[in-house]
Amino acid sequence: MAALLSLVLAATVANASPGDCSALEGASGDVVVEKATAIPAGTKFKPDDKATFYKSVPVDAAFCRVEGRIEGTIGFELWLPMAWNGRLLGAGVGGDAGVFNYLDMSLRVGQGFATITTDSGHRVTDAHWMRVPKARTDYEHRAVHLAAKAAKALAAQFYARPVERSYFTGCSGGGRQSLKEMQVHPHDYDGVIAGAPGPNMPLQSVRMMWFALEAQRKPAAALSDADWSLYESAVTRTCDPLDGKVDGIVTNPLQCRFRTARLLCKPGQGESCLTAPKLAMLNSVIAPLRDERGRAMDRGLFPAVRTRPGPPSPLLRAMWADAAHDDPEWDALTFSRTGDLATINRVMPQLRADSTAISPFIAAGHRAIMYQGWQDPSTNAGPTLDYYGALARDNGGLAKLSDAVRLFMVPGMYHCRGGPGADTFGASGHVPISENPENDMLWALIRWVEQGFAPARIEARKIADGTSFTRPICAFPASARLDRGEWTCRHDPALLAWPSARLKR
Ligand SMILES: [Ca+2]
């Protein structure tokens with residue numbers, strides 16, 4: 001009888017039909033669905049993605065496209081595929097947000113994920129959104145949380161059954177959003193992927209602002225893109241062989257020693273070298289950032305990391321002028337490393353994503369994968385390693401932490417992608433090669449959450465200029481080494497050297 005009843009119920013649920021897309025339109029509390037459009041199969045659908053860095057790929061899957069707003073200011077889109085795999089996927093946005101992540105949505109909706117994205121509470125056209133307290137808080141952590149809640153409710157309504165599992169993927173600011181979910185809203189997602197998350201965005205921003213201003217103040221010492229390339233390739237040539245293969249990739253920069261003085265121009269030498277002022281600038285950029293009294297504020301850059309030349313980015317300017325000083329006319333030359341850091345931490349107290357109090361996330365059985373390019377010029381690798389070490393210290397040690405949170409350092413990768421290393425492994429913005437957890441980080445996370453199989457290595461791929469190769473990326477503290485023609489992930493004591501001060505031994 002019970003079996004018969006459940007069959008009847010199943011039939012009733014099926015008749016409630018995923019497919020009544022337009023029925024989702026309307027308001028429910030603070031959530032307003034402005035438009036719900038059925039997109040048929042096989043149309044190579046693309047949304048208008050001019051405003052966003054996250055360009056869509058053409059979509060052939062049939063889905064219901066939901067466009068809405070929460071609390072009037074938080075824009076979101078939810079794509080509900082007709083062939084649903086029961087899972088929700090949140091797609092994060094980086095930088096100053098204000099746009100949707102159509103890229104990850106379009107890459108994954110065909111795999112059956114219901115996908116949700118939010119502009120994080122403002123539009124890219126709102127030039128001075130950082131002056132608005134609500135917009136700042138929504139950007140820090142609220143928008144992603146509220147969008148997850150709305151997505152779960154709308155998906156349950158559309159499919160007439162609840163979401164079974166939820167995942168979140170993001171890189172850069174999107175990686176920071178992943179960390180905030182883990183730290184502040186631990187029950188939103190069963191698993192998160194945090195790429196290049198910049199756990200201490202205020203301090204990272206002080207570093208970038210300070211050296212951009214230094215370059216403006218000392219134009220003769222300012223380093224060009226070519227200067228950074230010179231430095232990067234000299235370091236790479238020196239340290240490339242340490243991993244057993246000369247392939248243009250330094251697997252573990254912690255083993256790399258490089259004397260920058262080698263780059264100084266010899267008398268009469270005019271190119272492929274640095275003048276004395278430029279060498280001094282290089283040395284100061286790669287060394288720990290100093291405050292006004294000469295004390296170290298961070299731990300400097302790893303060898304071969306390059307830095308973006310030119311004036312401060314618009315996001316940096318907005319952070320100090322609009323958020324910290326509420327003055328669009330703010331004079332950047334008055335920037336104070338300690339003073340402005342203290343101010344931004346006061347004005348945007350949730351911008352940092354370095355809380356180690358994640359026991360609710362772990363206790364719920366949730367899982368996180370962090371990854372970080374060693375050569376990331378934007379959100380540097382050091383702070384990510386520091387944060388992982390601090391997580392281990394405060395959550396029962398490295399072995400215990402590894403049961404719930406793993407870190408994959410990516411050799412030779414820049415910011416989220418790019419660089420000489422293998423940079424495609426199913427993370428945010430990466431075209432998935434398959435649904436194989438051996439080479440797709442999202443599916444590795446799903447297998448970990450749903451089957452308890454923790455990922456130890458993922459085959460990353462490099463596809464560029466007609467060349468293609470693979471390299472494993474390894475769960476910390478292992479790194480890849482070529483051993484009798486095979487790449488293996490092996491425990492690497494040199495990796496532990498960096499965060500050791502923060503690890504329980
Ligand atoms: Ca190498």
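The values are calculated or read from the model by the stated rules, or taken from the named source; none is laboratory data. In this text, all values refer to a predicted model and were calculated from it rather than measured experimentally. Cβ placement follows ideal geometry from the backbone for every residue including glycine, while neighbour counts extend to all protein chains displayed.
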Determine whether region 255-270 contains at least one residue that is more than 14 Å from the ligand (Cβ to nearest atom), at pLDDT below 95 and among the polar types (S, T, N, Q).
yes
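Quick grid of which residues meet (1) among the β-branched types (Val, Ile, Thr); (2) in contact with a strand residue (DSSP E or B) (Cβ under 8 Å, 6 or more places away or on another chain); (3) farther than 27 Å from Met413 by Cβ:
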| position | (1), (2), (3) |
| --- | --- |
| Leu274 | no, yes, no |
| Leu279 | no, yes, no |
| Arg295 | no, no, yes |
| Ala304 | no, no, no |
| Pro349 | no, no, yes |
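Which one of Ala14, Ala36, Ala23 is at pLDDT below 95, of a type outside the set (D, E, K, R) and more than 25 Å from Pro432 (Cα to Cα)?
Checking each option against the conditions leaves just Ala14.
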Has region 282-289 got any residue that is within 16 Å of the ligand (Cβ to nearest atom) and not in a loop (DSSP other than H, G, I, E, B)?
no
Looking only at region 214-252, count every residue that is in a helix (DSSP H, G or I), in contact with a helix residue (DSSP H, G or I) (Cβ under 9 Å, 6 or more places away or on another chain), within 11 Å of the ligand (Cβ to nearest atom) and touching a residue at least 24 places away in the same chain (Cβ under 8 Å) and tell me the total.
2
Within region 388-447, tally of residues that are more than 14 Å from the chain's Cα centre (by Cα), within 18 Å of Asp492 (Cβ to Cβ) and aromatic (Phe, Trp, Tyr)
1
Residues located in region 332-370, provided they are under 22 Å from Asp298 (Cβ atoms), small (Gly, Ala, Ser) and surrounded by 17 or more Cβ atoms within 10 Å (Cβ to Cβ):
Ala353, Ser355
